[in-house]
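A quick write-up on the structure given underneath.
The values are calculated or read from the model by the stated rules, or taken from the named source; none is laboratory data. No experiment lies behind these values; they were computed from the predicted model shown. Don't worry about glycine lacking a Cβ; one is built from the backbone with ideal geometry, like all the others, and counts go over all protein chains shown.
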Amino acid sequence: MVRPALLLVALACAPLLGGCRYTFVPLIPAQVNVDLPLRLTNATLERRGETLNLSAQVDGRFEPGFLTVRWFDGGRLLGSDSVYLDGAQRAATFSWAAAQPGTYRAVLSFGGTVLRQVELYEVAP
């Protein structure tokens with residue numbers, strides 16, 4: 001008696017089950033290509049005698065180009081320098097003759113985009 005009742009329930013629900021569909025999920029998702037922007041690491045500005053030394057390293061994927069530094073004492077522009085970087089050379093070192101103590105600042109840019117500013121305060125600003 002139980003079997004015919006289950007069969008009747010199954011036949012009654014059969015038209016309702018026609019709308020069920022399987023959900024297909026890809027087992028391996030598509031590969032995502034991440035393009036991280038260029039960044040400067042290990043940027044340090046320090047005094048050695050009467051010169052200021054700035055060292056920096058470029059990380060990330062980038063097109064070869066010039067890494068430019070602009071030297072400031074307070075708000076006054078002292079000068080600028082640049083070095084060509086490519087995949088083989090990712091580190092750069094700059095130096096600037098500065099006999100007097102001051103509030104020195106170096107602004108680093110690559111391809112016209114400012115990446116980092118490092119400061120050295122030897123006197124009160």
*Name the pairs: first residue in region 24-48 and closer than 30 Å to residue 119 by Cβ and free of Cβ contacts under 8 Å to residues at least 24 places away in the same chain, second residue acidic (Asp, Glu) and surrounded by 10 or more Cβ atoms within 10 Å (Cβ to Cβ), Cβ to Cβ under 8 Å, at least 6 apart or on different chains?*
41/59
*asked:* Which pairs turn up if I take residues in region 55-68 that are aromatic (Phe, Trp, Tyr) and look for partners that are in a strand (DSSP E or B) with beta carbon separation below 6 Å, at least 6 apart in sequence or on another chain?
replied: 66/82; 66/84
_Out of the residues in region 25-57 meeting the condition of being of a type in the set (Val, Ile, Thr) and modelled with pLDDT under 90, tell me which one is farthest from residue 86 (Cα to Cα)._
25
*Cβ pairs under 7 Å, 6+ apart, first in region 74-97 and farther than 16 Å from residue 117 by Cβ and touching a residue at least 40 places away in the same chain (Cβ under 8 Å), second of a type in the set (D, E, K, R) and assigned to a loop (DSSP other than H, G, I, E, B)*: 97/50
